[in-house]
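Everything on this sheet refers to the single structure shown next.
The values are calculated or read from the model by the stated rules, or taken from the named source; none is laboratory data. Keep in mind the model is a prediction, meaning the values are calculated, not measured. Virtual Cβ from ideal backbone geometry, glycine too; neighbours counted across all protein chains shown.
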Amino acid sequence: MYVYFIGVNELDVIKVGRSKDPIRRLQFLQTGCPYEMSLLQVVRSNDRSSEVEKAFHLLFEHLLLRGEWFHLTREVNELLLAIQEGQWERYERIMRIMMWQNLRYFNDKVT
């Protein structure tokens, strides 16, 4: 599984989601969008894709538009560049904390 970042070229928005086939997902989303879309980045997440996706959502929740769509800002672009360059350790640490806190919150709600 992968967590993907799909951008709408004419708009400063990005979709953060997960899929086994991000290119196919892009093609599916493109069908319903009048603007050109691009696959900006992909992160391999194996069996933890749901948690990794949620961590990205939490990291950018202040940029949320709706659902899995976020404003594409300098902050998001910096993360995408860090992923591309293999230097996203700072984000990875933050995301691990968020994943742990989210799991803990979920467990507290269930019990």
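For region 26-57, a residue qualifies if it is among the charged types (D, E, K, R) and either surrounded by 11 or more Cβ atoms within 10 Å (Cβ to Cβ) or modelled with pLDDT of 90 or more (or both), and the qualifying residues are GLU36, ARG48, GLU51, GLU53, LYS54. If the condition is being under 10 Å from the mean Cα position of the chain (by Cα) and surrounded by 19 or more Cβ atoms within 10 Å (Cβ to Cβ), then region 58-77 contributes PHE70, VAL76. Taking the criterion of being modelled with pLDDT under 95 and touching a strand residue (DSSP E or B) at 6+ places or on another chain (Cβ under 7 Å), would at least one residue in region 87-105 satisfy it? So far as region 87-105 goes, no, none of its residues is modelled with pLDDT under 95 and touching a strand residue (DSSP E or B) at 6+ places or on another chain (Cβ under 7 Å).
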